[in-house]
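The values are calculated or read from the model by the stated rules, or taken from the named source; none is laboratory data. Remember, it's a predicted structure, so these values are computed and weren't measured experimentally. Please note: Cβ atoms are built from the backbone with ideal geometry, for glycine as well, and neighbour counts cover all protein chains shown. Only protein heavy atoms, including side chains, enter the accessible area calculation; ligands, DNA and RNA are left aside. Shrake-Rupley method; radii C 1.70, N 1.55, O 1.52, S 1.80 Å.
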Amino acid sequence: MKMKLYDSRPVEIRVSRSGNVHELIRRLQQNRVKLRELEFLEDEVKFEISRKDVTIVRSLRKKLNLKVKIRYLQQSRIFQKTSWTIIGIILLIFIPIICSQFIWKVEVEASTPELKAKVEMIIDEKLQLDKPALKRKLVSDFEIRQTIMEEVRDLSWVHIIKKGSSMTIVPQLAPITENKEKKSDGLYHLVASKSGVITHFNITSGERRVMPNMTVYKGDVLVSGVITVGEDEYMAVGAQGEVYADYWLETSFEIPRKVKYISAADSKWTFGLKNSDEKEKEPSFQKIKLPNWISNYIEIKKTQNYITTVQELSEDQIDSFILPLLHEKILKSLPPKTIIKKENILHVTFDDDKVKGKVLFLVNENIAKEYPISQGD
């Protein structure tokens, strides 16, 4: 089916009265040409028609031998009353609305290229966010954060920033803690250091005594260092590895109502005379090495500016500020590779100068600890 396009822009027609003007008007009406602003002047007849009917006027002018002047009134009009204009306006309105319902761009901002590549692989394979995703069918921020933190256990938090049709994922590495293990030549069982529900194993030797999704209690043997070879034969090999379990950890917190933020602003290169003072006004993190004969007098360095602001916490900042802060605090006190999978806010109170509350964290931690194998085992 072919769509007919009509150009309704007004065109002024002036016809000399010396000819058969009435016949022209009659024939235009027969051809269903709409006449507007019809005026009979002394020397001519003036009226307006649509631009689509100009060809009819031209053909009748030749047949009736009339003197006709044609003037286009809206030659430079931007929006014309045409079918294409209507279609274009409809598309102009609805295409942005439809496109805004999708996430078109997912970016990862990480501290190292290796971490960025690993998180991008998780996004593509586990979360399947490598193609435009409908916002209402997109998995929740909690699921995205939990999936990434379960795969990369060195993370303390994953910031998810959504702006328009783009999403930025910022994985934050957990603080490095010194974990000095005392090496011993003895053989050990792996027993539970606390109660929890077993999630997965990472053992290099030993025999499992528990299975995933099993509840264990403090002191239970998780991995035995003695392996059964035959019916009555045993071999002590020692148990080594990690056993991870989920458990709930309740914590109370109390932080000031007013918090001071120190954030990095723009960086800049400075060129000038070398400062003889020991302390620099603006700390530099990059300098250009100059020849010795000039470095005693001139220096070129890159400095970083910092902005300090004071903000008063409100209930709207529980998810954006308070919970990430508590995540950092809890993870610093827990062993490496520990992740926090979920949190339940029990209660929060805002006083004049303090914010107090209790939060229940679902922690996934390596609960295995070594227990020496006695000679009787």
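Miscellaneous remarks
- Residue within the range 327-347 that is of a type in the set (A, V, I, L, M), in a helix (DSSP H, G or I) and open to solvent by less than 40 Å² (accessible area, probe 1.4 Å) present: yes
- Set 216, 259: member being more than 23 Å from residue 306 (Cβ to Cβ), modelled with pLDDT of 65 or more and among the aliphatic types (A, V, I, L, M): 216
- Residues that are more than 19 Å from residue 340 (Cα to Cα), under 16 Å from the mean Cα position of the chain (by Cα) and at pLDDT 80 or above do not occur anywhere in the range 146-153.
- Count of residues meeting criterion [within 30 Å of residue 225 (Cα to Cα) and outside any strand (DSSP E or B)] in the range 348-377: 6
- Number of residues in the range 6-38 that are in contact with a strand residue (DSSP E or B) (Cβ under 9 Å, 6 or more places away or on another chain), closer than 30 Å to residue 86 by Cα and not in a strand (DSSP E or B): the value is 8.
- Any hit, the range 52-64, residues being touching a residue at least 24 places away in the same chain (Cβ under 8 Å), charged (D, E, K, R) and within 27 Å of residue 89 (Cβ to Cβ): yes
- Flag for residue 371 being at pLDDT below 75, more than 23 Å from residue 255 (Cβ to Cβ) and not basic (Lys, Arg): no
- Scanning the range 29-43 for residues that are of a type outside the set (A, V, I, L, M) and more than 16 Å from residue 60 (Cβ to Cβ) yields 36, 37, 39, 40, 42, 43.
Residue by residue, here is whether (1) modelled with pLDDT of 75 or more; (2) open to solvent by less than 70 Å² (accessible area, probe 1.4 Å) holds:
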| residue | (1), (2) |
| --- | --- |
| 263 | no, yes |
| 271 | no, no |
| 286 | no, no |
| 289 | no, no |
| 305 | no, yes |
| 310 | yes, no |
| 316 | yes, no |
| 324 | yes, yes |
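- Restricting attention to the range 187-215, the residues being in contact with a His (Cβ under 9 Å, 6 or more places away or on another chain) and crowded, with 19+ Cβ neighbours inside 10 Å number 1.
Matching residues to (1) assigned to a loop (DSSP other than H, G, I, E, B); (2) at positive phi; (3) more than 43 Å from the chain's Cα centre (by Cα):
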{"position": "198", "(1), (2), (3)": "no, no, no"}
{"position": "203", "(1), (2), (3)": "no, no, no"}
{"position": "210", "(1), (2), (3)": "yes, no, no"}
{"position": "213", "(1), (2), (3)": "yes, yes, no"}
{"position": "218", "(1), (2), (3)": "yes, no, no"}
{"position": "223", "(1), (2), (3)": "no, no, no"}
{"position": "235", "(1), (2), (3)": "no, no, yes"}
{"position": "241", "(1), (2), (3)": "no, yes, no"}
{"position": "244", "(1), (2), (3)": "no, no, no"}
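- Out of 307, 322, sole residue that is under 25 Å from the mean Cα position of the chain (by Cα) and part of a strand (DSSP E or B): 307
- Options 354, 369; residue that is open to solvent by less than 80 Å² (accessible area, probe 1.4 Å), touching a residue at least 60 places away in the same chain (Cβ under 8 Å) and not aliphatic (A, V, I, L, M): 354
- Criterion: within 19 Å of the chain's Cα centre (by Cα), open to solvent by 70 Å² or more (accessible area, probe 1.4 Å) and either at pLDDT below 90 or among the acidic types (Asp, Glu) (or both) - qualifying residue of 182, 163: 163
- Residue within the range 135-154 that is in contact with a Pro (Cβ under 9 Å, 6 or more places away or on another chain), among the aliphatic types (A, V, I, L, M), touching a residue at least 60 places away in the same chain (Cβ under 8 Å) and under 27 Å from residue 329 (Cβ atoms) present: yes
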